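The values are calculated or read from the model by the stated rules, or taken from the named source; none is laboratory data. Please read these numbers as outputs of a predicted model, since none were measured by experiment. Note: ideal-geometry Cβ built from the backbone for every residue, glycine included; neighbour counts use all protein chains shown.
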Amino acid sequence: MIAQVPPNLAELLGQVIGYIYPNEIEIHWSILIVVYPYLTGLVAGAFILASLVKVFSVKEVQPTYRLALLTALSFLLVAPFPLLLHLGHMERSFEIFLAPHLSSAMAMFGFVYAWYLMGILLLEIWFEYRHDLVVWGREHKPPLRWVYRALSLFSTDISERAVAFDRKAVRTITIVGIPSAFLLHGYVGFIFGSIKANPWWSSVLMPIVFLMSAIVSGIALVLFLYMVVTSLRNEPLDMKCLDRVASYLFYAVVVDFSLEALDFIHRLYQSEESVKILAQLISVKLFTNLVILQVLLGMLVPLAVLVAARTRRANPDLRKLLYFTSAILIQLGIFSTRWNVVIGGQLFSKSFRGLMAYKMEMTGLEGLVTTLGLLIAPFVILLVLVRLLPAKRVGEAPVHPA
Amino acid sequence: MKLPEQVTRIVAVLALIVALVLLVRFVLIPPAYFSTTVHESATVRREVARPVNFAGAVACQDCHAEEWDRKAQGYHKGLACEACHGPSARHAEDPMSVKPFAPRDRKFCPVCHAYDAARPTGFPQINPESHNPLKPCITCHNPHDPVPPETPKECAACHAQIARTVALSAHALLPCATCHTASKEHRIAPRSALPSKPQTREFCGQCHAGGTANPDAPKVELASHGGGYLCWQCHYPHLPEGRP
Amino acid sequence: MNKREFLKKGAIAFIPAAAVLQALIRQAEAGATSGAGAAGSPTPGYEPRDHWYGMGIEVEKCIGCNRCAEACKVENDVPPEPFFFRTWVERYTVKQSGETEVECISVNPRGERKTQDEREALRSFFVPKLCNHCAHAPCVQVCPVGATFTTADGVVLVDSTRCIGCRYCIQACPYGARFFNHHTNTADKCTFCYHRVVKGLLPACVEVCPTQARVFGDLRSKASRLVRFQRMNKINVLKPALNTEPKVYYAQLDGEVR
């Protein structure tokens, strides 16, 4: 929320190439709007990974299940904040919930978010942890005792029957949760994809590409976190699990890359009016971000690394290193993807005749410091959650090394 | 069948949330908040209540009938008073205490009348640096009836872009009257008495057909060159062949 | 407790709740009346539904003096910096090489303009631009809280007490007509000088145009300047393929204009 004209507009005017409509000099959707789809993408992706265990019965991935759920929750809790901080009138944000204008895709936010948070994620976590919460509520001393009891909603039944009900509930919720996760992140893709005024965004593929890159980033994040959390606990890593997650990551990257390549080839081949300015946009403004960061480092190198890990039957330590590296590169790549879509779409004029510049502030509500804070906050929350709700089930045998 | 205790607890929480939402939606927030009609009409009222700064040309007529009538006959008849005198709604409300701006500076009139190639043909344009430098425009031109003190002799007064183009071309030394006949009426009421354009190929042939007249002009065989078209349908006489 | 008891107790609780609900809904439906007009009201008897406003622009008449953009800023309290415009003027130079050069003269109206090389230029002209008050406006469609809407007389307005400043409408406008007003922290744009129009005055830009290149009128009126304009000229609109149904009609609009 800025009370005065942004001070750098005169400077930006000097950096304009070609002709832009005079109102376009100000870039409206800043780094915060890059962070939002990045965060919800991680939520959707982590949840999809978790659903592999419950819906598709991929048992090898079980060790990451609880971590994936908690990761999804941590990121979901932080997700509304970049949006809130970006608004011109934060104090009116509740209008979207109370009196939404139904023809707007953005108006869906309140309902989709609330449904996913409460109806899917919190509910699933509750059913998954309920038995353990009851047990911990009995074992621990106050004040934690009361925390666990409150979290379990003061339930006491941990009979076989109740636990079986819990398991069934988790499965049902996950099945409903998969399309809900698609909606949570897909609607953001639709927000961009339905803007006919902007040819960089306007595409039928946009929601699908958004979703696939979300799945890639989510799986990569859980892979990364599983390795970090397990190592911090000095526990052995389950290599079968890691290999399985890495192979799903590989499939996801292949699909995501194919979709993005399809979009690119289609645009080039169709050669609509906007293709000239978009080509200029890529070569002048987005070359490093798109070609180097998003495609090369973010997709092609991790793809090669994952292929190498699979085919070469490298020893576990090398595989761990390769997985770790590709997970980090993928995060970088997907963040670049979001940047290239959001910021990239605002760097060329709708007159198709010019290019603008975006200067990210350092301080201020929409600055780099705030962004870093928003990106770190979910990890802080996750730390608390992982301490409070450990992944290891009550009564479960310790994990055997692979 | 006994309901599992998980379900009762979840339903209880759900009921609480639903109750809260309903409370807020239907009790705590006034119903007018949700009505688009209320908001739209309030917005319209707010917009309509904004102050008016330009009185509108018609408002000037009541008190300034003499200037109005004079302007209505001349070249500035389509020009609203406030285009030069600025927003004058306060003056219209209280004529004695608020006076509108009256442009006297030489920088003012060139905003419209300085030469700009994109300005339409026939719009009077001058070069402010060379057109009676240092003299205020109103010395010779009454803004309410801006007829120039002398009828312009040069066509360039209104056809500046064409004049500048011809000056670069092979036809630079030809006066406009060589090919165009403009009556006296044209200088006073331009759109009602248009100048003529050559209507025969032979006209251009006076210099450009084979023969002895004007040996510097490029020659063509009139009978076989260019089909049935008039010369200027392909060649731009103000800049023949694009470059001198 | 068992299922039967639960349902019984639930039903008992819900019936009075439902009754209260019904009463409140009825109250809400009855409640939406508009109050009395404030100071500065429309001409008496003004009925918005009888009008449908649009604008005509004759490109060949525009001399690029920029008085329209300046008058708009004065009349409508638009931020004075050269980054916010409700209306502006563009200058096009179409060259023999096929290239077209465009600049916005409103950003630096008294500054140097690009000089044209008469040997290279094929044609050059000015094009005034503003909000098109589209009949099928994408900005109205995408507003998440309905802060931007079309009035019954065809003018697209922004409710600055409702706008949350998400800037979706600014992204959705294909014409670059919207900007973010940092004084109100809401989206802002041309309103066809609605406060003047309902009182029988012309929008400020139309009022001050020296060559009458801008024509404002009522499309529902049988005899309005705009209806005559539509009769006597071949009309074009900006970006027709986007199906926004703009209500700003251009005569002599060159194909190079975007």
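Considering the range B:82-105, and only residues there that are within 25 Å of C:Ala213 (Cα to Cα) and not small (Gly, Ala, Ser), the residue that is surrounded by the most Cβ atoms within 10 Å (Cβ to Cβ) turns out to be B:Glu82. Give the range B:197-209 a look and list any residue that's touching a strand residue (DSSP E or B) at 6+ places or on another chain (Cβ under 8 Å) and among the small types (Gly, Ala, Ser), or say none. Selection gives B:Ala209 alone. Within the range C:133-158, if we keep just the residues that are more than 12 Å from chain A (Cβ to nearest Cβ) and among the polar types (S, T, N, Q), the residue that is nearest to C:Arg220 (Cα to Cα) turns out to be C:Thr151.
Could you tell me whether B:Asp94 is farther than 14 Å from B:Cys60 by Cα and charged (D, E, K, R)? No, not satisfied. Does C:Cys173 qualify as being surrounded by 22 or more Cβ atoms within 10 Å (Cβ to Cβ), within 19 Å of the chain's Cα centre (by Cα) and outside the structural domain of C:Arg86 (by TED's automatic domain parsing)? Spelling it out, C:Cys173 is indeed surrounded by 22 or more Cβ atoms within 10 Å (Cβ to Cβ), within 19 Å of the chain's Cα centre (by Cα) and outside the structural domain of C:Arg86 (by TED's automatic domain parsing). Screening the candidates C:Ala28, C:Ala32 for the property of being more than 30 Å from C:Asp254 (Cα to Cα), in contact with a Pro (Cβ under 6 Å, 6 or more places away or on another chain), facing chain B (nearest Cβ under 10 Å) and modelled with pLDDT under 95 yields one hit, C:Ala28. Can A:Arg312 be described as surrounded by fewer than 18 Cβ atoms within 10 Å (Cβ to Cβ) and either farther than 18 Å from A:Val216 by Cα or not charged (D, E, K, R) (or both)? Yes.
The test for being touching a residue at least 40 places away in the same chain (Cβ under 8 Å), within 14 Å of chain C (Cβ to nearest Cβ) and either in a helix (DSSP H, G or I) or not basic (Lys, Arg) (or both) holds for A:Phe190.
Residues that are at the interface with another protein chain (Cβ under 9 Å from one of its Cβ atoms) number at least 2 in the following helices (runs of 4 or more DSSP H) confined to the range B:26-96: B:36-48, B:57-61, B:81-85. Scanning the range A:27-57 for residues being in contact (Cβ under 8 Å) with a residue 40 or more places away in the chain, within 30 Å of A:Met239 (Cα to Cα) and touching a Phe, Trp or Tyr at 6+ places or on another chain (Cβ under 8 Å) gives a total of 12.
In the set (1) surrounded by 21 or more Cβ atoms within 10 Å (Cβ to Cβ); (2) assigned by TED's automatic domain parsing to the domain that holds C:Lys95; (3) assigned to a loop (DSSP other than H, G, I, E, B); (4) over 18 Å from the mean Cα position of the chain (by Cα), the condition left unmet by C:Phe126 is number (3). Selection within the range A:4-23: residues that are of a type outside the set (Val, Ile, Thr) and within 7 Å of chain C (Cβ to nearest Cβ). The member of this set that is surrounded by the fewest Cβ atoms within 10 Å (Cβ to Cβ) is A:Gln4. Note on the range C:208-223: residues that are under 17 Å from C:Asn132 (Cβ atoms) and aliphatic (A, V, I, L, M) amount to 3.
Of all residues in the range C:202-244, those being assigned to a helix (DSSP H, G or I), surrounded by 21 or more Cβ atoms within 10 Å (Cβ to Cβ) and not hydrophobic (A, V, I, L, M, F, W, C) number 1.
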